[in-house]
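The values are calculated or read from the model by the stated rules, or taken from the named source; none is laboratory data. These numbers were taken from a predicted model, which means no experiment stands behind them. Positions of Cβ are backbone-derived with ideal geometry, glycine not excepted, and every protein chain shown enters the neighbour counts.
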Amino acid sequence: MWVVPTIPPALYLMLSGILFTIGVIGVLTRRNAIVVFISIELMLNAVNLTFITFSRFLQSIDGVIFAFFVMAVAAAEAAVGLAIFVMLYRSKETINVDEVNLLKW
Amino acid sequence: MLEYMWLIPLFPFIGFLINGLLGRRLGKGVVSVVGPSAIGLSFLTSILIFFELINKPSTERIFEKVLFDWIVSGSFQTVIGYQIDPLSILMALVVTGVSFFIHIYSVGYMHDDPGFTRFFTYLNLFVFMMLNLILANNFLLMFVGWEGVGLCSYLLIGFWYEKDSAANAGKKAFIVNRVGDFGFILGMFLIFINLGTLDFTDAFGSANKLDTATATAIALLLFVGACGKSAQIPLYVWLPDAMEGPTPVSSLIHAATMVTAGVYMVARCNVLYNMAPIAMAVVAIVGVATAIFTASIGFCQYDIKKILAYSTISQLGYMFVAVGVGAYAAGIFHLMTHAFFKGLLFLGAGSVMHAMSGELDIRKMGALRKKIPITFATFFIATLAIAGVPGLSGFFSKDEILWMAFSSGRGHFLIWLVAAVAAGMTAFYMFRALFMTFFGESRVDHHVAHHIHESPKVMTIPLMVLAVLSIVGGYVGIPHVLGGANHIHEFLAPVVGGTAEPVKAQAMFSLISEAWAAGGGSGDHSAALELFLMAVSVVIALIGIGIAYFLYLKNPGLPKMLAEKWSGLYRLVSNKYYVDELYQVLFVNSLKKFGTGLWKGFDEFVIDGTVNGIAYFIGWLSGVMRKMQTGLVQNYAFSIVLGGLILAVYYIMRAFL
């Protein structure tokens, strides 16, 4: 039998944590709205990875179902978000988040 | 018919609603029918109930009807319920009867007033409230009536509100009454705390549980209320000013009915007062002091309505003497006869004013008797009655009070003496007013003189009816000593108890004259004494009349000379002993100062300062805080991350520590 080496769950979780952190840094630092958006997607997928990991190691289907939900939400979000960016660009000629600060004191 | 006694207050209420809500649309004609007839119907109902009651044996003459629950809150329960007994039905008869005639009179008197509808609305509301006061079967409903009549009094005193003096007089009446009402409320609280009920039957039934101190406190507090409503010292000051109102109002509210509410209340609470001898002594002393004090003010007044007002206060003093010495029936009897003759006097004064184009000053009248004969005749009868001339109603009731003040166990020779002197003074100033108005030479302004005319029938007929009542009203209470049966005493006995025994009479008698008794031809000493005192008071009254005749008809120049001779005293009395000024300084000004202090110091500085300060602080704080709202999405995201980090650190630290 070909033996698959067992990768310990801690590694999966660490990967997930790294991906999530990269996403957070991207959201906080990048100025282009689309890059910010991609970073958010990265964070969502990091979370998905955590769900799947636990689903696998706890022998429970719940995590998988949650991952599907997250994907569905992410897809919907992408549709709405990109539409907003298009409109934003039409009115302000930029999708730079620094310059879109109308909602303030 | 007894079952339907709630109709008595209902009719005036319906009248009030019709006049108040629809009166303007219906017009004067309808209002002048609805107003009096509402009262007439309730008068009729009262008469029917009275006759039904009188046909029952005297022990079964108390009838209560509870209409519905009013307040039910824990152990506190009150109902809207009415009680018919000899006392309340007698009061109801007097109130509805006199009101009815005064309503009719008002149709004539107020005919050209633009506030005609409003006037009848208030008047009907007043009668409704007065009937609630009288017929209530518990203290709280009585208090509603008590306040209600106070409200109507205020509205009607200030009826011509565009006049400053009238508006102020209304306010004064209301505020002075409030002082009294405060006492009444406290009295009710004490009754409820100690007896757990405000129902008359229950409260008086269990009153023997009270100790003397509590009973005295309750009785005195209730008497404070009575002082306010019935204008006794020290709260009498509002009543003379109340004459700013239309004359029928003075007649109905400020002479015949409302102001007697205090006397009625004391008589109603006779169980409590009987338990508190000190309180009764206070009532009697305040009564007699008021009687003589205000009678003396009447000497130097020239405004015909003011004279009558002081006379009213003085007569109310008599009623309080009666109830204060335990002669409740005598007090109620005087209340009734007073309602007739004083109501008549005021209506007569109104008729004089009507003839004189609104003139009130008796110095500008004189020799009116030929020109307005009906007014003169009726006014003359009423004056005779109030002066206590034998044969008229005032004589019987006043004499009974004097006799009881002397002979009752709670009475005293001094009370009798002062009251008898006050009776003489009453005779004097009333005849002074009569002589100056109707006799002597005419001092009328000629512009007014050729307008003088007798009032229309709608006004003179009530005068005549009340004149008849002023004469015969006393015959229900002819004392035994004059061979009468004193029906009114027997009738009221189930409520107020029988006549107090003349315990002192025997002892005092020897002081007067032993020989006189023999001459009196009566074996019964107290009867002889009663006759003797009666003769004394008649003589005093005649002396009063004689002096008035001498000063104001025989020597019309003399009063002026006397006034100049004792100018200090004259000024003191004609300025009403400066009581109003004293109150102004003592209470009004200091309260105003106190109020201004509170307004500027507490309200504006502390309260407004706190509220505005908090608002300014919050405003400043939000000014600072809103800078956080940068509009940059990444700042918000950063704070979310920061929050998440703090939470994570917190949980990790907690796990390790």
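The residue of the range A:66-105 that is surrounded by the most Cβ atoms within 10 Å (Cβ to Cβ), among those that are part of a helix (DSSP H, G or I), more than 14 Å from chain B (Cβ to nearest Cβ) and among the charged types (D, E, K, R), is A:GLU77. Does B:VAL624 count as within 14 Å of chain A (Cβ to nearest Cβ), surrounded by 13 or more Cβ atoms within 10 Å (Cβ to Cβ), modelled with pLDDT of 90 or more and assigned to a helix (DSSP H, G or I)? Here the answer is no, as B:VAL624 does not meet what is asked. In the range A:50-65, of all residues being within 17 Å of the chain's Cα centre (by Cα) and among the hydroxyl-bearing types (Ser, Thr, Tyr), the one that is nearest to the other protein chains (Cβ to nearest Cβ) corresponds to A:THR50. The residues of the range B:353-367 that are among the acidic types (Asp, Glu) and touching a helix residue (DSSP H, G or I) at 6+ places or on another chain (Cβ under 7 Å) amount to a single one, B:GLU359. Of all residues in the range B:403-423, those being out of contact with any Phe, Trp or Tyr (no Cβ under 6 Å at 6 or more places or on another chain) and surrounded by 24 or more Cβ atoms within 10 Å (Cβ to Cβ) number 9. Listed by first and then second residue, the pairs with beta-carbon distance under 8 Å, at least 6 apart or on different chains, first residue in the range B:567-584 and touching a residue at least 12 places away in the same chain (Cβ under 8 Å), second outside any helix (DSSP H, G or I) and of a type outside the set (Asp, Glu), are B:TYR570/B:CYS300; B:VAL573/B:PHE299; B:VAL573/B:CYS300; B:SER574/B:CYS300; B:SER574/B:GLN301; B:VAL579/B:VAL237; B:ASP580/B:VAL237; B:TYR583/B:VAL237.
Using the structure shown, decide if B:GLY115 is among the small types (Gly, Ala, Ser) and farther than 16 Å from B:ALA255 by Cβ.
Values: among the small types (Gly, Ala, Ser): yes; farther than 16 Å from B:ALA255 by Cβ: yes.
Answer is yes for this residue.
Residue count for the range B:528-544 satisfying the condition of being under 8 Å from B:GLY424 (Cα atoms) and touching a helix residue (DSSP H, G or I) at 6+ places or on another chain (Cβ under 7 Å): 5.
Given the options B:GLY613, B:GLY631, B:GLY619, name the one that is small (Gly, Ala, Ser) and touching a Leu at 6+ places or on another chain (Cβ under 6 Å).
On the way: B:GLY613 fails: touching a Leu at 6+ places or on another chain (Cβ under 6 Å); B:GLY619 fails: touching a Leu at 6+ places or on another chain (Cβ under 6 Å).
From the options B:GLY613, B:GLY631, B:GLY619, the qualifying one is B:GLY631.
A search for C-beta distances below 8 Å between a residue of the range B:1-21 that is within 10 Å of B:TYR82 (Cα to Cα) and any residue that is of a type in the set (Lys, Arg) and not in a helix (DSSP H, G or I), counting only pairs 6+ apart in sequence or on different chains, returns B:MET5/B:LYS65; B:TRP6/B:LYS65. If only one of B:ILE253, B:ILE218 is crowded, with 24+ Cβ neighbours inside 10 Å and under 28 Å from B:ALA467 (Cβ atoms), which one is it? Selected residue: B:ILE253, the only one of B:ILE253, B:ILE218 that is crowded, with 24+ Cβ neighbours inside 10 Å and under 28 Å from B:ALA467 (Cβ atoms).
Take the conditions (1) among the basic types (Lys, Arg); (2) within 14 Å of the chain's Cα centre (by Cα); (3) more than 22 Å from B:LEU591 (Cα to Cα); B:LYS163 misses just one of them, which is (2).
Conditions (1) under 30 Å from B:ARG178 (Cβ atoms); (2) out of contact with any Ser or Thr (no Cβ under 6 Å at 6 or more places or on another chain); (3) among the charged types (D, E, K, R), marked per residue:
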| residue | (1), (2), (3) |
| --- | --- |
| B:ILE540 | no, yes, no |
| B:GLY557 | no, yes, no |
| B:LYS565 | no, yes, yes |
| B:VAL579 | yes, yes, no |
| B:GLN584 | yes, yes, no |
| B:GLU604 | yes, yes, yes |
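Taking the criterion of being in contact (Cβ under 8 Å) with a residue 40 or more places away in the chain, in a loop (DSSP other than H, G, I, E, B) and of a type in the set (Phe, Trp, Tyr), the residues of the range B:144-195 that qualify are B:PHE159, B:TRP160.
Out of all the residues in the range B:174-184, is one or more within 16 Å of B:THR78 (Cα to Cα) and either more than 18 Å from the chain's Cα centre (by Cα) or of a type outside the set (A, V, I, L, M, F, W, C) (or both)? No; the residues of the range B:174-184 include none that is within 16 Å of B:THR78 (Cα to Cα) and either more than 18 Å from the chain's Cα centre (by Cα) or of a type outside the set (A, V, I, L, M, F, W, C) (or both).
Residue-level check: of (1) farther than 21 Å from B:ASN124 by Cβ; (2) free of Cβ contacts under 8 Å to residues at least 24 places away in the same chain, B:GLU64 misses just (2).
Hey, among the residues in the range B:223-238 that are in a loop (DSSP other than H, G, I, E, B) and among the β-branched types (Val, Ile, Thr), which one's nearest to B:PHE184 (Cα to Cα)? Even if it seems obvious, please write down each step before you answer.
Initial filter on the range B:223-238 (in a loop (DSSP other than H, G, I, E, B)): B:230-237.
Now drop any that are not among the β-branched types (Val, Ile, Thr), which leaves B:233, B:237.
On the way: B:ILE233: 16, B:VAL237: 19 Å.
Step by step, filter the range B:223-238, then rank; the result is B:ILE233.
Sub-6 Å Cβ pairs linking a first residue in the range B:633-650 that is at the interface with chain A (Cβ under 9 Å from one of its Cβ atoms) and in a helix (DSSP H, G or I) to a second residue that is small (Gly, Ala, Ser) and surrounded by 10 or more Cβ atoms within 10 Å (Cβ to Cβ), at least 6 apart or interchain, number zero. Selection of the range B:50-92 for residues being in a helix (DSSP H, G or I) and either surrounded by fewer than 19 Cβ atoms within 10 Å (Cβ to Cβ) or at positive phi (or both) yields B:PHE50, B:PHE51, B:GLU52, B:ILE54, B:SER58, B:THR59, B:GLU60. Among the helices (runs of 4 or more DSSP H) confined to the range B:413-498, the ones with at least 3 residues that are modelled with pLDDT of 90 or more and not acidic (Asp, Glu) are located at B:413-438, B:457-472.
Considering the range A:14-44, the residues that are over 16 Å from A:GLY81 (Cβ atoms), surrounded by 14 or more Cβ atoms within 10 Å (Cβ to Cβ) and within 12 Å of chain B (Cβ to nearest Cβ) include one that is nearest to the chain's Cα centre (by Cα), namely A:PHE20. Given the structure, is B:VAL95 surrounded by fewer than 22 Cβ atoms within 10 Å (Cβ to Cβ) and part of a helix (DSSP H, G or I)? Against the criterion (surrounded by fewer than 22 Cβ atoms within 10 Å (Cβ to Cβ) and part of a helix (DSSP H, G or I)), B:VAL95 does not qualify. Against the definition (assigned to a helix (DSSP H, G or I), within 37 Å of the chain's Cα centre (by Cα) and among the basic types (Lys, Arg)), how does B:LYS592 come out, yes or no? Judged against the criteria, B:LYS592 is a match.
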